[in-house]
Amino acid sequence: MTKPYVIDELISAKAIAARIEDLARQISRHYAGTDKLVVVGLLRGSFIFIADLVREIDLPVEVDFLEASSYGNAMETSREVRILKDLRSAIEGRDVLVVEDIVDTGFTLHHVVNLLKSRNPARLEVCALLDKPARREVPIRATWTGFEIPDEFVVGYGIDYAQRNRNLPFIGKVRFTDPAPEGAA
Ligand code: IMP
């Protein structure tokens, strides 16, 4: 069970789309000429972001997914990162772009980057939609970041709270309404 909450818009769908165009332009420039790019989405939070991002990348791309566990249904990050679903593709000698929804403490990304680097890709970069630098516990940064946000719990555009709200077209912050939302009966 979750406590009652409302969602306040933080980043509009329009702002996200505009930022993705910028990111894709930079990424396309960085990897210009390659035919060995594999874009790796971290499930489940990145599924909408990766879908929009790859459609703006002007290069041949392969898409693959990896699922690492970090959050249960709680709002606390656990430090133990487990791989629940591994890649289908071999990435040795490939150009790898990891696509993450949010870099929070950094534990998930740190673990995933180390794992993928051990497989000897030619290049490995990270594109994260959101970054919460105030929460960082492991010194790691994405190569490209969509938006830096304050220490707020956010949902929407693929990102969940207790598996809900992934389908919101914008990014919103969760605000708990204890004891009752304003205007509620
Ligand atoms: P980290 O290992 O602490 O960096 O956590 C990264 C993962 O935690 C993200 O990929 C998200 O799945 C989840 N996460 C971090 N912050 C939030 C949030 O504000 N809302 C929902 N999920 C979050």
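The values are calculated or read from the model by the stated rules, or taken from the named source; none is laboratory data. Note that the structure is predicted; figures quoted are calculated from it, not measured. Note that we place each Cβ from the backbone using ideal geometry, even for glycine, and neighbour counts take in every protein chain shown. Keep in mind that these areas ignore ligands, DNA and RNA; they rest on the heavy atoms of the full protein, side chains included. Shrake-Rupley method; radii C 1.70, N 1.55, O 1.52, S 1.80 Å.
Against the empirical curve 2.2 N^0.38 Å, the C-alpha radius of gyration of the chain lands at a ratio of 1.06. Remark: the range 37-50, residue by residue, has Karplus-estimated 3J(HN,Hα) of 7, 10, 9, 10, x, 8, 7, 9, x, 8, 5, 7, 4, 5 Hz, where x stands for each Gly or Pro and the curve is 6.51 cos²θ - 1.76 cosθ + 1.60 at θ = phi - 60°. When you restrict to C-alpha pairs under 8 Å that are six or more residues apart and normalise by the size of the chain, the relative contact order lands at 27 percent. Which pairs in the list 14/117; 3/117; 85/117; 85/132; 36/132 are over 29 Å apart, alpha-carbon to alpha-carbon? Distance filter (> 29 Å) returns 14/117; 3/117; 36/132.
Exactly which GluC sites (Glu not before Pro) in the range 117-175 are in a DSSP loop and have at most 13 other Cβ atoms within 10 Å?
Qualifying residues, ordered by number: 137.
Going by accessible surface with a 1.4 Å probe and the largest first, 21, 100, 9 read 9, 21, 100. Per-residue Karplus couplings for the range 7-14, computed as 6.51 cos²θ - 1.76 cosθ + 1.60 with θ equal to phi - 60°, are listed in order as 10, 9, 5, 10, 9, 6, 4, 5 Hz, Gly and Pro entered as x. Counting only DSSP beta bridges whose two residues both lie in the chain, roughly 35 percent are antiparallel. Element breakdown for the chain at a 1.4 angstrom probe: carbon and sulfur atoms account for 48% of the accessible area. Residues whose amide H falls under 5 Å from that of residue 103, counting only those 5 or more places apart or on a different chain, are 130, 131, 132, with hydrogens built in the peptide plane. Calculated accessible area for the range 13-149 comes out at 49 Å² per residue, all protein chains present (probe 1.4 Å; ligands, DNA, RNA ignored). Think of each Lys and Arg Cβ as +1 and each Asp and Glu Cβ as -1; about the Cα centre, that makes the dipole of the range 1-128 roughly 240 debye.
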